Amino acid sequence: MTTDARETREAREAREAHVAAYRRQWSEPVDGPAWLRDLRARAMARFEANGFPTPRNEDWHFTNPAPITEAAFEPMKPALGTLTVSDVAPFALASEDWPTLVFVNGRYAPQLSRVDALPAGVRVLSLASALHEEPTLLERHMGRIAGFDAQALAFSALNTALMKDGAVLYVERNTTVTTPIHLLYLSDAGAEGGVSYPRNLFVVESNASVSVVEQYATTDDARYFTDSVTESIIADGATLRHYRVQREGRRAFHVGHVEATLGRDSHYVSFSFASGGALSRANIYANLAGEGCGATLNGLYMIDGEQVCDHQTRIEHAQPNCYSREIYKGVLDGASHGVFNGKVYVHPVAQKTDGKQTNNTLLLSDRARIDTKPQLEIFADDVKCTHGATVGQLDERMAFYMKSRGVGAERTRQLLTYAFAADVLETIELDGVRESLERIALERFAGAEPRPVAS
């Protein structure tokens with residue numbers, strides 16, 4: 001037997017052992033209505049039938065999930081210390097006055113949260129509370145948007161089977177929410193060796209509008225795994241602006257699945273910002289299910305050292321006269337590895353589709369690597385779709401110009417890198433979030449470690 005064959009068998013045995021361990025976690029009694037128990041049972045059955053994905057799975061071809069699948073993560077322990085409001089304040093991306101739900105090590109922390117300033121027509125509550133206060137809403141929508149049947153979505157199946165807490169947002173029809181809502185998932189030293197399953201549900205009724213910031217961060221350098229799912233229902237004429245920020249520690253692992261379905265003339269605006277984690281992956285899926293609706297999926301990932309960051313996007317044009325816009329940028333340094341796989345799928349009925357997708361990557365090191373795969377699958381004949389990808393290094397002519405005017409080499413590198421990233425950050429409509437992320441990017445490119453953003 002060759003070394004490779006022996007390692008493959010050992011890896012397989014480790015994965016099987018951990019699948020069995022998750023089964024034991026699932027077998028522990030959990031309160032909940034019958035429909036939720038059925039949903040969890042179906043998800044666990046799919047997870048056990050499919051097992052964890054490997055690089056042999058096309059959707060995981062460029063990212064080996066072995067550091068997650070071959071590790072033994074136990075249910076995350078409660079927070080070690082007692083975080084105070086002042087401890088949490090530095091993680092405010094713009095204003096501490098935003099309605100905020102804080103979760104520590106996967107558990108809702110009401111003493112750190114504030115939802116007293118919500119306008120009429122809006123409800124934000126923890127999943128555990130929603131099971132008692134909004135059972136009909138949850139039964140109608142939970143688990144119906146985010147898929148988990150395919151092996152590539154094994155982590156979504158695991159989340160569905162083992163979820164315990166998260167956030168539920170409901171916006172009544174014709175309601176405009178002017179203040180963004182912040183969902184902050186923090187992990188502290190007590191998260192070491194643990195796994196949490198944040199589960200979010202956003203329901204935006206017809207002609208309503210709301211902005212949500214979903215942030216994952218850490219107060220410590222613990223080694224843990226976050227397995228999150230967010231599903232959104234955006235009704236006719238509604239708008240959801242969804243900002244997802246992943247700034248977890250360098251020893252953490254993160255897999256997040258986001259899936260949204262859109263009604264007629266509705267809009268979904270997504271921005272994914274990722275700079276943390278040893279290995280992170282984000283699936284951003286949008287189903288354009290109503291005529292005349294549109295999705296904008298933008299993102300920026302900045303990694304270095306040995307970090308791996310994978311973004312998978314899928315926009316499904318299922319009705320006529322819909323549009324999609326997508327710009328993802330990556331800045332890779334050290335021996336980091338970035339992955340971008342973006343698919344636009346146009347159904348035969350989706351005539352007059354207007355889609356544009358771009359992925360640009362800046363490599364700051366000869367050891368950095370990007371695998372980019374923009375894809376178009378078009379089955380309608382009256383469409384306008386484009387896609388493209390670029391991979392390059394810093395513009396030598398611009399660098400020479402700046403050096404010739406007395407700007408040092410390192411400062412030149414920092415400024416040109418920041419300018420590359422700022423281009424996509426400027427697409428963020430929410431001023432406070434845009435300015436905070438620009439500040440984080442500037443700190444990163446100035447050579448300093450990212451730190452919590454002071455309010």
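The values are calculated or read from the model by the stated rules, or taken from the named source; none is laboratory data. Please read these numbers as outputs of a predicted model, since none were measured by experiment. A quick note on method: Cβ atoms are made from the backbone with ideal geometry, for glycine too, and the neighbour counts reach across all protein chains shown. Quick note on the areas: whole protein, heavy atoms, side chains included, nothing else; ligands and nucleic acids left out. Shrake-Rupley method; radii C 1.70, N 1.55, O 1.52, S 1.80 Å.
Given Cα positions, please report Rg to Rh for the chain, the hydrodynamic radius being the Kirkwood one. Using Cα coordinates only, the ratio equals 0.95.
In plain terms, the C-alpha convex hull of the stretch 247-320 casts an average shadow of 4.5 nm² when viewed from every direction.
Using +1 on the beta carbon of Lys and Arg, -1 on that of Asp and Glu, and nothing else charged, what's the dipole of the stretch 335-437 about the Cα centre, debye to 20?
380
Each other residue within a Cβ distance under 14 Å of I284 adds +1 if Lys or Arg and -1 if Asp or Glu, for a net charge of -1. Please give the calculated 222 nm ellipticity per residue for the chain, where each DSSP H segment of at least 4 residues contributes -39500 (n - 2.57) and the sum is spread over every residue; nearest 500 deg cm²/dmol? That comes out to -7500 deg cm²/dmol.
Legend: calculated FRET efficiency, R9 to D97, from the Cβ-Cβ distance at R0 = 45 Å, rounded to 0.05, equals 0.20. A cut-off of 5 Å between modelled amide H atoms, ignoring neighbours fewer than 5 places along the same chain, links V212 with I181, R241, H242, Y243.
Our analysis of the stretch 336-413 gives Rg over Rh at 1.21, with the two radii drawn from alpha carbon positions and Rh computed by the Kirkwood formula. Tell me, rounded to the nearest percent, the portion of alpha carbon pairs in the stretch 303-455 spaced more than 19 Å apart. Of all Cα-Cα distances in the stretch 303-455, 62 percent exceed 19 Å. Peptides 386-394, 27-35, 282-290 ordered by packing proxy, namely the average of other Cβ atoms within 10 Å per residue, highest first: 282-290, 386-394, 27-35.
Backbone phi angles across the stretch 154-160, fed through the Karplus curve with coefficients 6.51, -1.76 and 1.60 (θ = phi - 60°), yield HN-Hα couplings of 4, 5, 5, 4, 5, 4, 5 Hz in residue order; Gly and Pro are listed as x. When the P(r) of the stretch 74-132 is calculated, the portion above 17 Å amounts to 46% of the C-alpha pairs. Proximity of backbone amide H atoms, modeled 1.01 Å from N, is registered between A260 and S232, Y285, A286, N287 at under 5 Å, excluding neighbours fewer than 5 places apart on the same chain.
For the stretch 126-218, trypsin sites (Lys or Arg not before Pro) meeting the loop criterion (DSSP other than H, G, I, E, B) and having at most 15 other Cβ atoms within 10 Å: R144, R173.
When all alpha carbon pairs of the stretch 182-242 are counted in 5 Å bins from zero, the resulting P(r) reads 4, 16, 23, 17, 13, 10, 8, 6, 2 %. Taken along its three principal axes, the alpha carbon spread of the stretch 105-181 comes to 41, 31, 23 Å, from the longest extent down to the shortest.
For the pair V85 and T178, a Förster radius of 22 Å applied to the C-beta separation gives a FRET efficiency near 0.40, rounded to the nearest 0.05.
The phi-based Karplus calculation (6.51 cos²θ - 1.76 cosθ + 1.60; θ = phi - 60°) puts the 3J(HN,Hα) values of the stretch 392-398 at x, 10, 4, 5, 5, 5, 5 Hz, whole numbers, x for Gly and Pro.
Distance between the 7 Å Cα→Cβ label points at R411 and Q393: 2.3 nm.
Calculated FRET efficiency, E139 and L442, Cβ-Cβ r, R0 45 Å, to nearest 0.05? Once rounded, the FRET efficiency stands at 0.45. Normalising the average separation of contacting C-alpha pairs (under 8 angstrom, six or more residues apart) by the number of residues puts the relative contact order of the chain at 11 percent. The stretch 110-167 and the stretch 379-445 have Cα centres spaced 35 Å apart.
Taking the Cα centre of the chain as origin and assigning +1 to Lys and Arg Cβ atoms and -1 to Asp and Glu Cβ atoms, the resulting dipole is close to 420 debye. Close Lys pairs in the chain (alpha-carbon distance under 26 Å; sequence gap of 8 or more, or different chains): 15. Here the spin labels are modelled as points 7 Å beyond Cα on the Cα-Cβ line, and at A380 and E16 they lie 4.7 nm apart. Spin-label pair Y401-H61: with each label point 7 Å from Cα along the Cα-Cβ axis, the two points sit 3.8 nm from one another.
Average accessible surface for the stretch 319-453: 50 Å² per residue, computed with a 1.4 Å probe over protein heavy atoms with every protein chain in place.
The phi-based Karplus calculation (6.51 cos²θ - 1.76 cosθ + 1.60; θ = phi - 60°) puts the 3J(HN,Hα) values of the stretch 240-251 at 10, 9, 10, 10, 10, 10, 10, 10, 6, x, 6, 9 Hz, whole numbers, x for Gly and Pro.
Volume per residue for the stretch 193-303 equals 75 cubic angstrom (convex hull of Cα atoms).
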